[in-house]
Amino acid sequence: MDTASQVLDVGDYGSEFEYDSEAEKKRRKREDLAKPETHTKVKLPEKNTVTEEYSKEVNRHERFHLLTLDAFSRHKKIINDYLLYYGGSRKEFGRDVSKDRTDYDVLRDNHKFLWDDDDDDNLQNSWEKRLAKKYYDKLFKEYCIGDLSRYKENKIALRWRTEVEVVSGKGQFTCGEKRCLCQDQLRSWEVNFSYVEQNQKRNALVKIRLCPECSQKLNYRHRKREIKKRKRLNNKTDRTSITLLHNCINFLAQSFVSIRD
């Protein structure tokens, strides 16, 4: 007998996996015979409720977006939304700039050519005066800068020098007229400057250095006092001559007194 045709009798063996699969099939068959689950229908909300909830969500989103913006960007967004909804022009929202004042305007209204001690007591009451006084303290008050464009009308304008002008030599080593750049033959003049300040007439004795041409303009109506340097007496002969002059004056005075007696 061939080995290929032999049938081995190994007994009745069952499969545990097959048993499980049959049990699962039976369980599913029982469940299929049972009644299917009934799903309850969900009632849709009303239209007003949906609209209200949607509005709340949109407002919440808009509020969060506005809080992330700075004040100026938030202002522009609100104005743009207003114009898109109601219409109109941006000129209607223009800021009134008629009362705006810069630092220059404050200085022009509160500046003084000369500050007194009495004016310092009133500085605490006004920040404008404190600003003007701070600017005044930065000026250099040895020589003046002048405007002689209206010298024929006997009107001149004078002001103190700034730091830039002092460094460049304007008004001391260069002519003190604001348009003149001459540096030769400068002469110093003492001027009794008369001006009106805060509806009050005031006077100040100031010095200004000018070239010969500008000096003629300054003295067009009235001759001003020229400031000249005194010569130092370094020679013994000059000192001796002065001593003799004093002695002569004393002798003449004594002789005049004796003659009178």
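The values are calculated or read from the model by the stated rules, or taken from the named source; none is laboratory data. Model, not experiment: these values are computed from the prediction. We place every Cβ from the backbone using ideal geometry, glycine too, and count neighbours over all the protein chains shown. Accessible surface is based on the protein model in full, side chains and every heavy atom, while ligands, DNA and RNA are left aside. Shrake-Rupley method; radii C 1.70, N 1.55, O 1.52, S 1.80 Å.
One line per residue, one yes/no per condition, for (1) among the hydroxyl-bearing types (Ser, Thr, Tyr); (2) under 30 Å from TYR195 (Cα atoms); (3) at pLDDT 75 or above; (4) out of contact with any Pro (no Cβ under 9 Å at 6 or more places or on another chain):
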site: THR3; (1), (2), (3), (4): yes, no, no, yes
site: LYS29; (1), (2), (3), (4): no, no, no, yes
site: HIS65; (1), (2), (3), (4): no, no, yes, yes
site: ILE78; (1), (2), (3), (4): no, no, yes, yes
site: ARG95; (1), (2), (3), (4): no, no, yes, yes
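Can you name every residue in the range 167-193 that is without any contact (Cβ under 8 Å) to a residue 24 or more places away in the chain and among the aliphatic types (A, V, I, L, M)?
VAL167, LEU181
What is the number of the single condition among (1) under 21 Å from GLN198 (Cα atoms); (2) open to solvent by 80 Å² or more (accessible area, probe 1.4 Å) that PRO45 does not meet?
The single condition PRO45 does not satisfy is (1).
When you go through ARG179, ARG159 one by one, which is the residue that is open to solvent by 30 Å² or more (accessible area, probe 1.4 Å), part of a loop (DSSP other than H, G, I, E, B) and of a type outside the set (Ser, Thr, Tyr)?
ARG179 is the lone residue from the list that is open to solvent by 30 Å² or more (accessible area, probe 1.4 Å), part of a loop (DSSP other than H, G, I, E, B) and of a type outside the set (Ser, Thr, Tyr).
Give just the number: which of (1) touching a residue at least 12 places away in the same chain (Cβ under 8 Å); (2) within 33 Å of the chain's Cα centre (by Cα); (3) on the phi < 0 side of the Ramachandran plot does VAL164 not satisfy?
All conditions are met except number (1).
Would you pick out the residues in the range 182-210 that are more than 19 Å from TYR136 (Cβ to Cβ) and either in a loop (DSSP other than H, G, I, E, B) or open to solvent by 60 Å² or more (accessible area, probe 1.4 Å) (or both)?
CYS182, GLN183, ASP184, GLN185, LEU186, ARG187, ASN192, ASN199, LYS201
Can you report the number of residues in the range 117-140 which are out of contact with any His (no Cβ under 9 Å at 6 or more places or on another chain) and open to solvent by less than 80 Å² (accessible area, probe 1.4 Å)?
So the answer is 10.
With of a type in the set (D, E, K, R), more than 20 Å from GLN200 (Cβ to Cβ) and surrounded by 14 or more Cβ atoms within 10 Å (Cβ to Cβ) as the only criterion, which of ARG74, ARG60 stands out?
That would be ARG74, the only listed residue that is of a type in the set (D, E, K, R), more than 20 Å from GLN200 (Cβ to Cβ) and surrounded by 14 or more Cβ atoms within 10 Å (Cβ to Cβ).
Using beta carbons and a limit of 9 Å, which pairs, at least six apart or on different chains, have the first residue in the range 49-61 and aliphatic (A, V, I, L, M) and the second one open to solvent by 70 Å² or more (accessible area, probe 1.4 Å)?
That search, which allows pairs on different chains as well, returns VAL50/LEU44.
Restricting to the range 211-238, name every residue that is outside any helix (DSSP H, G or I), modelled with pLDDT of 70 or more and polar (S, T, N, Q).
Residue satisfying the conditions is ASN219 alone.
Can you find a residue in the range 239-255 that is of a type in the set (Lys, Arg), more than 43 Å from the chain's Cα centre (by Cα) and either surrounded by 11 or more Cβ atoms within 10 Å (Cβ to Cβ) or modelled with pLDDT under 90 (or both)?
Checked the range 239-255: at least one residue is of a type in the set (Lys, Arg), more than 43 Å from the chain's Cα centre (by Cα) and either surrounded by 11 or more Cβ atoms within 10 Å (Cβ to Cβ) or modelled with pLDDT under 90 (or both).
Out of ARG101, ARG90, report the one residue that is of a type outside the set (A, V, I, L, M, F, W, C), farther than 30 Å from PHE193 by Cβ and open to solvent by 100 Å² or more (accessible area, probe 1.4 Å).
It is ARG90.
Tell me which residues, restricted to the range 90-105, are touching a residue at least 12 places away in the same chain (Cβ under 8 Å) and farther than 18 Å from LEU131 by Cβ.
Listed by number, the list holds a single entry, PHE93.
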